[in-house]
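Coordinate-derived values only; no laboratory data. Just so we're clear, the structure is a prediction, and the values are computed from it rather than from any experiment. Counting neighbours? That spans all protein chains shown, and the Cβs are built from the backbone with ideal geometry, glycine included.
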Amino acid sequence: MTENTDDILNLLPARLKEARRAKGLSLEAVANLSGVSRSMVSQIERGESSPTISTLWNLTRALQVDFAGLLEGTKANDQIEVLRNTEVPSIDNMGLNCRIRILSPPEEAGGHEVYEIEFDEDGALNSQPHARGAREQLTVLEGAVKVTSGTAVTELNQGDTARYAADIAHSISASGPARVFLIVKNA
């Protein structure tokens, strides 16, 4: 185990966050499981607060990790988090003739979201305005799509990228099969 107090304080925030993400838990879920407030969990993960032994005990029990294991072993930058194709969450009941695969981690929801969308013939995804200042960036991987943002309309072909306001009504449609990569950035 690491013996230097500074090393422990430097490792702990990243290791706790890594353990939470590995379990697919949100800050809120960890707070509910541990009895530690959401804001305190967030502060600890950012290294802005040092937890008491009691708080750390509650967090490690909620995350089902060994306290000593948090401070030794493989470093966070020596790991690759993999989500296999069959494990990628998808939304099939939103839009018309399209499937949405959610590629971003759950804790990114409402911030920086990443999606892959497959359109069948006459597929469409019509969206209401997102949060003020939200923007989308769409890249066409296969086929062609039409993007509408407010009154602006453009046609995109394979390889084209568009950036547009998403805090107004907007849509993506395809007359034939198409696949796009979509990044939603909420302000």
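So the values come out like this:
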| quantity | calculated |
| --- | --- |
| Cβ charges +1 (Lys, Arg) and -1 (Asp, Glu), total dipole of the stretch 85-185, debye | 360 |
| Net +/- balance of residues flanking ASN32 in space, Cβ distance below 14 Å, scoring K and R +1, D and E -1 | +3 |
| Within-9-Å neighbourhood charge of ARG135 [Cβ basis; K, R +1; D, E -1] | 0 |
| Charge-dipole axis of the chain as Lys and Arg at +1 and Asp and Glu at -1 on Cβ define it, positive-most pick from LEU59, THR154, SER104 | LEU59 |
| Radius of gyration and maximum dimension Dmax of the stretch 85-185, Cα, Å | 12.6, 38 |
| Helical contribution to [θ] at 222 nm, DSSP H n ≥ 4, -39,500 (n - 2.57), averaged over the chain, rounded to 500 | -7500 deg cm²/dmol |
| Karplus-derived HN-Hα couplings along the stretch 162-172 (A = 6.51, B = -1.76, C = 1.60, θ = phi - 60°), whole Hz, x at Gly and Pro | 10, 10, 7, 5, 10, 9, 10, 4, 8, 8, 10 |
| Inter-probe distance in nm under a simple model that places probes 7 Å from Cα toward Cβ, at ASN97 and HIS112 | 3.5 |
| Non-local Lys pairs in the chain, i.e. 8 or more apart or on different chains, that have alpha carbons under 25 Å apart | 5 |
| Kirkwood-based Rg to Rh ratio, the chain, C-alpha trace | 1.10 |
| In nm, spacing of pseudo-spin labels at TRP57 and ALA152 (7 Å Cα→C-beta vector) | 5.7 |
| In Hz, Karplus ³J(HN,Hα) per residue of the stretch 49-56 (6.51, -1.76, 1.60; θ = phi - 60°; x = Gly, Pro) | 9, 9, x, 6, 4, 4, 5, 4 |
| 3J(HN,Hα) from dihedral phi, the stretch 13-29, Karplus parametrisation 6.51/-1.76/1.60, rounded to Hz, x for glycine, proline | x, 5, 5, 5, 5, 4, 5, 5, 5, 4, 8, x, 9, 7, 4, 4, 5 |
| Net dipole in debye of the chain [+1 Lys, Arg Cβ; -1 Asp, Glu Cβ; about Cα centre; nearest 20] | 400 |
| Qualifying trypsin sites (Lys or Arg not before Pro) in the stretch 98-187, DSSP loop, other Cβ atoms within 10 Å at most 13 | ARG132 |
